[in-house]
Each structure stands twice: as C-alpha cells, then as structure tokens.
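Comments concern the structure below.
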Amino acid sequence: ASAGHSALNLEQIGTLDTGGAEISAYDPQSRRLFVTNAVGSSVAIVDASNPAQLRRIGTIDVGPFGSPNSVAAHRGIIAVAIEDAVKTSPGRIGFYRPDGTLISTVPVGALPDMITFTADGRYLLVANEGEPGGYGAGQVDPEGSISIIKLPQWERGRWNGVPTVRTVDFRRYNGQEAALRARGIRIYGPGATAAQDFEPEYITVSGDSRFAWVTLQENNAVAKLDIEAGRIVELLPLGYKDYSRRPAVA
C-alpha cells in the first residue's frame, strides 16, 4: 500500500458449496442469503445468521420458467430474474417469500440480466439485455429494454394488489444511428436498429429513487432513466479509451 493508504485485508470466515453460484442477495429480515445457480435452474436458500456456519436450508426451483440470471431482496421480498429457455423470448420476474414460496410472476423483456429494488421499495427495475441469437438468416435479435415494475403495498404479510409492469424501449433512437455513432456510442450489429443493438446490462439507482443509470455495455454508453415518468432522458457515451497507453498516475 502506498503512503497514506491502508491495506485491505480479507479473511474468510465461512464457505458453502451450493453447486453453482453467480449472483447473491441478502435479506436482513430472514437473515438468509439467496444464491443463483443458472446450470441448476435454481436459487439456493442459505441460513446466514451465523456467517461462520452457513447452512443451505432450501431451494427455489425456477426450472418451470427458465434459468435464473439475477436475484435481489428487499424487506422480505425476494425477486429473481428468469431467462426463458429460448433466450430471445420474453423472460419473467418471480417474486418469492424468504422460505421460497412463490408469490407471483410477471413478464418482462428478453434476457432479463440484472434486477434491483429502488431504495424506497416502490419499484423493481430490470435490465433486459435482449442479446441476439445471431445475425444470420433466421436468427432473432430482440430489442434491449428496461422494465419498471411498480410494487403494491405489503400489508400483513401479503401484497394489497398485484405488481404492474411498464417496459421502456429505445425505439425513439431508431433512425439516429449515424448521429449516435458520431457521439461515440457503439452500434455494430449487422442491420440492427439502435433499439435492437442497445443491450442494458447493469442498473444503479439514485438515493432518492427518482433516477436510474443503466449501462449499455456493448455500446460504450450509459442511459439515464426517469423512473416515475418511465422514459430515457439522456444517453451518455463513455468516449474512447486507449488501453495500450500507460495510465496516468497522480
């Protein structure tokens, strides 16, 4: 560590083999950890009340819907992003109780890749990557999108309504591909429109739950989303980076 900075030391205090692990989410209410296993089409339920003695206590089987890509937890509600068996087809979000009991499912865009609750718990946001099956004859290239799921009030252990879904697409940018490229946004799929080419990957939300920023990973850009209005308000190109040069060090 350089002068003025302390070293970061990590010490393993517990481990558990879940048979496959990619994304995890912790629910403070139940003190349980939820871990996706795409190969097993499941989410492991882990008792994490004692991190030194992790115990697998259950499994959420999402196989009837597809394969899990992401999981998020908020105040005792567990949300799972589920990719359809045909990845270019619409996916689903499954809502579960901490014991794995299914509450409900809602449809979202193709290949839901990442999900997050807003801080106020009113919405669940979904990055639908819309990754193409290919660009050849007969191949499907779905549009990337962002689903905004408005959640009903949770009262006495149940919702007082049903979740509603609004999906935000990028069709308003179709026909502007040349101008977007000139701004530094990468659009590269053969014959693809901007809406098809944009692939939302990851979402972060402002502390006041008003805006979200969504990475368009393959496109070298970030989309700013007005959550309440349900619209993209800005596309932010990230610019050219020459990684063959040595980084500047202050």
Legend entry - Amide H contacts of Arg32 (H built 1.01 Å from N, under 5 Å, at least 5 apart or other chain): Asp27, Ala48
Inset, instruction - Would you work out which of Thr215, Ser67, Pro90 lies farthest towards the positive end of the dipole of the chain? Charges go on Cβ: Lys and Arg +1, Asp and Glu -1. - result: Thr215
Inset, instruction - Under a cut-off of 25 Å between alpha-carbon atoms, report the lysines in cross-link reach of Lys224, not counting same-chain residues fewer than 8 places apart. - result: Lys150, Lys241
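Please state the shape class of segment 60-180: rounded when a/c is under 1.5, otherwise prolate if a/b exceeds b/c and oblate if not, all from the C-alpha gyration tensor. Don't skip to the end; give the middle numbers.
Numbers: a/c = 2.90, a/b = 1.64, b/c = 1.77.
It is oblate, given that a/c is not under 1.5 and a/b is not larger than b/c.
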Legend entry - Other-chain or far-sequence residues with amide H under 5 Å of Ala119's (modelled H): Ser209
Legend entry - Top of Tyr96, Tyr123, Tyr173 by mean-square fluctuation, Gaussian network on the chain, Cα under 10 Å: Tyr173
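Send over a whole-number figure in Å² for the accessible area per residue of the chain, probe 1.4 Å.
On the way: 13380 Å² over 250 residues.
So the chain comes to 54 Å² accessible per residue, rounded to a whole number.
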Inset, instruction - When a/c is below 1.5 the answer is rounded, else prolate if a/b is larger than b/c, else oblate, so apply that to segment 191-250 with a ≥ b ≥ c taken from the square roots of the Cα gyration tensor eigenvalues. - result: oblate
Inset, instruction - Return the sequence-ordered ³J(HN,Hα) values of segment 189-199 in whole Hz as given by the Karplus equation 6.51 cos²θ - 1.76 cosθ + 1.60 applied to θ = phi - 60°, using x for Gly and Pro. - result: x, x, x, 7, 6, 4, 4, 6, 7, 5, 10
Inset, instruction - Would you kindly derive the ³J(HN,Hα) couplings of segment 26-40 from the backbone phi angles with the Karplus curve 6.51 cos²θ - 1.76 cosθ + 1.60 (θ = phi - 60°), listing them in order in whole Hz, with x for Gly and Pro? - result: 10, 9, x, 5, 9, 6, 10, 10, 10, 10, 7, 9, 5, 5, x
Inset, instruction - With springs connecting C-alpha atoms under 10 Å apart, model the chain as a Gaussian network and identify which of Ala110, Ala25, Ala182 has the largest mean-square fluctuation. - result: Ala182
Inset, instruction - Normalise the Debye intensity by I(0) for segment 129-216, one equal point scatterer per Cα, no solvent, then take log10 at q = 0.12, 0.15, 0.25 Å⁻¹ and round to two decimals. - result: -0.51, -0.70, -1.27
Legend entry - Kirkwood-Stokes translational diffusion coefficient of the chain, alpha-carbon pairs, 4 °C, 1.567 mPa s, µm²/s: 66
Legend entry - Protein accessible area in the chain, 1.4 Å probe - carbon and sulfur %: 49
Inset, instruction - Using Cα centres only, tell me the gap between segment 229-245 and segment 159-227 in whole Å. - result: 11
Inset, instruction - With springs only between Cα atoms under 10 Å apart, run a GNM on the chain and tell me which of Phe34, Phe170, Phe198 wobbles the most. - result: Phe170
Inset, instruction - Would you mind checking which residues have amide H under 5 Å from Asp113's amide H? H placed 1.01 Å from N; only 5 or more apart, or other chain. - result: Ala127, Asn128, Glu129
Legend entry - Whole-angstrom gap from segment 99-116 to segment 65-96, using each part's C-alpha centre: 3
Inset, instruction - Go through segment 205-214 residue by residue and turn each phi into a ³J(HN,Hα) via Karplus (6.51, -1.76, 1.60, θ = phi - 60°); whole Hz please, and just put x for glycine and proline. - result: 10, 5, x, 8, 6, 8, 10, 9, 10, 10
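The values are calculated or read from the model by the stated rules, or taken from the named source; none is laboratory data. Model, not experiment: these values are computed from the prediction. FYI the Cβ positions are ideal-geometry reconstructions off the backbone, even for glycines, and counts take in every protein chain you see. Areas reflect the complete protein model, heavy atoms only, side chains present, ligands, DNA and RNA absent. Shrake-Rupley method; radii C 1.70, N 1.55, O 1.52, S 1.80 Å.
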